[in-house]
1. Which members of the range B:45-63 meet the condition of being without any contact (Cβ under 8 Å) to a residue 12 or more places away in the chain and more than 14 Å from residue B:14 (Cβ to Cβ)?
2. What residue, of A:354, A:359, A:411, is assigned to a strand (DSSP E or B), in contact (Cβ under 8 Å) with a residue 12 or more places away in the chain and outside the structural domain of residue A:84 (by TED's automatic domain parsing)?
3. Of the conditions (1) among the aliphatic types (A, V, I, L, M); (2) in a loop (DSSP other than H, G, I, E, B); (3) under 25 Å from residue A:11 (Cβ atoms), residue A:141 fails just one. Which one is it?
4. For the range B:64-81, which positions are surrounded by 14 or more Cβ atoms within 10 Å (Cβ to Cβ), in a helix (DSSP H, G or I) and in contact (Cβ under 8 Å) with a residue 24 or more places away in the chain?
5. For residue A:135, only one of the following conditions fails: (1) more than 14 Å from chain B (Cβ to nearest Cβ); (2) free of Cβ contacts under 8 Å to residues at least 60 places away in the same chain; (3) of a type outside the set (Gly, Ala, Ser); (4) farther than 29 Å from residue A:258 by Cα. What is its number?
6. List, please: which pairs have Cβ atoms under 9 Å, are six or more places apart or on different chains, and start with a residue in the range A:110-129 that is within 12 Å of another protein chain (Cβ to nearest Cβ) and end with one that is charged (D, E, K, R) and in a helix (DSSP H, G or I)?
7. Run down A:226, A:221, A:265 and say which single residue is assigned by TED's automatic domain parsing to the domain that holds residue A:320 and touching a residue at least 24 places away in the same chain (Cβ under 8 Å).
Amino acid sequence: MTATPRRVVVTGLGATTPLGGDVASTWEAALVGRSAARPITADWIGEYDLPIRFAAQAAVPAVDVLTRQEVKRLDPSAQFSVIAAREAWRDAGSPEVESTRLGSAIGTGIGGIWTLLTAYDTLREKGARRVLPLTVPMLMANSSTAAVSLEFGAGVGAHSPVSACASGAEAIAYALDMIRSGRADVVIAGGTEAAIHPLPIASFAAMRAMSQRNEDPEHASRPFDSSRDGFVLGEGAGILVLEAEEHARARGARIHAEFVSAGLSADAHHITAPEPTGAGAARALRDALRSGDLQPSDVIHVNAHATSTPIGDVAEVQGLRAGLGSALDQVAVSATKSMTGHLLGAAGAIESVLTVLALRERIAPPTINIDDLDPAVDIDVVRKDPRPLPATGDLVALNNAFGFGGHNVSLAFRTAG
Amino acid sequence: MASEQEILSGLAEIINEETGLPTDSVELDKSFTEDLDIDSLSMMTIVVNAEEKFSVRIPDEDVKNLKTVGDAVSYIAQAQG
């Protein structure tokens, strides 16, 4: 009988984001408070009467990194996940691990939408015979985790939780279970998304979820500001190599942080609107604290989901208050989507990478574009400049991720001991 | 109408694009499966692209008889004729 669960640590980080093509450049840009939002210059932008004509596109296009064959055989969403996974794996020291002890868990909100819609164009314009045989393996939502599993020989399982914008965080939570349950010693986990395509833009715009600041993209993503008017669509991937602590110590791996616990819940309230009191978000947060044997006062930093939508940001504040109580007043809250935009299914993964870095470097990244803090946001938001966290002692930070459908995930990380 | 040499080089480009194999490794006597290590999914992709490039139709029942690059070149040349 094991009284305490296996400890799980983060030994590898990888990312390709609107701020940079890897972890170092992303982190550097985040600390200086750079916005990644730009006008879309793709040839299709003028074809449709899109109400939104800007986005936070990947800083380094996948085609600049991968071989031509890889680009042809992988949907852009899988391309991003492979790029980030390779970086994370290298960063982890390319651990030697049996295929039967290695897993992958990579979520996406939308999956291979470029492949799906391009194939439909081919079908209509050229007929069924011209639809390529790789269409199905490229469009399926599990193609990213499958590609990574194939490349690294992850034989334990290749999972792909789908929960809209909570997908990446849910995949990381699932990876924790894979290690704790004894199925795996190492899991490549995270999220990916490549949905800067006219159809998702038109669809998100139809529900009035996106900022319409076409004339001023860099100031469009403004979580917690009074004049926020929706999210800015981003793309990319974030990957963590998660590892059983004893496995990491045995091979002398560098440990970025401990992955303490995960909490999950569903609002069961509305298909898109968050439960306004934040009760569901608070349940996930408390679940993470309880299962990690943490107290609210242990938490020093939160990387909030905060997408810059009028309703969502305030609901999250309510949830944080309900989950942490008065301890919330001592918590430095960062909304990094103000810089990266909203990477949908990759958001929770990118933000987990940033949360781990905040703990390792003991500094909370800033939230940009807050000119007038919403009075309903009665929390300590890190604004403009990064803020140093206590230089000594164990620190705990949370990463929140929520998704359409009412999905709530809170992940808890701690400085490496 | 393309010559057999033109068909071979066109096919080599398609195969290179799909698999990354150098174009000069695509020779008439090479077997798609044994020598070039092309799986059935890649073979179908190559067929779709060849049909488009050479304006021919290669029915599935004929694809299985195309064992070598030379088989495919002859087939396409005949189908064009």
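The values are calculated or read from the model by the stated rules, or taken from the named source; none is laboratory data. It should be emphasised that the depicted structure is a prediction, and the values quoted were computed from it without experimental measurement. Cβ sites come from the backbone with ideal geometry, for glycine too, and all protein chains shown count toward neighbours.
1. Start the filter on the range B:45-63 by keeping residues that are without any contact (Cβ under 8 Å) to a residue 12 or more places away in the chain, which leaves B:48, B:51-52, B:59-61.
Within the range B:45-63, B:59, B:60, B:61 meet the criteria.
2. Values: A:354 fails: assigned to a strand (DSSP E or B); A:359 fails: assigned to a strand (DSSP E or B).
Within the list A:354, A:359, A:411, the selection yields A:411.
3. Condition (3) is where residue A:141 drops out.
4. Taking the range B:64-81 and keeping what is surrounded by 14 or more Cβ atoms within 10 Å (Cβ to Cβ), we get B:66, B:68-77, B:79.
Narrowing the set further to residues that are in a helix (DSSP H, G or I) leaves B:69-77, B:79.
Selection gives B:69, B:70, B:72, B:73, B:74, B:76, B:77, B:79.
5. Residue A:135 satisfies every listed condition except (1).
6. A:122/A:130; A:126/B:52; A:129/B:51
7. Values: A:226 fails: assigned by TED's automatic domain parsing to the domain that holds residue A:320; A:221 fails: assigned by TED's automatic domain parsing to the domain that holds residue A:320.
That would be A:265, the only listed residue that is assigned by TED's automatic domain parsing to the domain that holds residue A:320 and touching a residue at least 24 places away in the same chain (Cβ under 8 Å).
Results for (1) within 14 Å of another protein chain (Cβ to nearest Cβ); (2) over 21 Å from residue A:127 (Cβ atoms); (3) modelled with pLDDT of 95 or more; (4) in contact with a Leu (Cβ under 6 Å, 6 or more places away or on another chain), shown as yes or no for each residue.
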| position | (1), (2), (3), (4) |
| --- | --- |
| B:37 | yes, yes, no, no |
| B:54 | yes, no, yes, no |
| B:68 | no, yes, yes, no |
| B:74 | no, yes, yes, no |
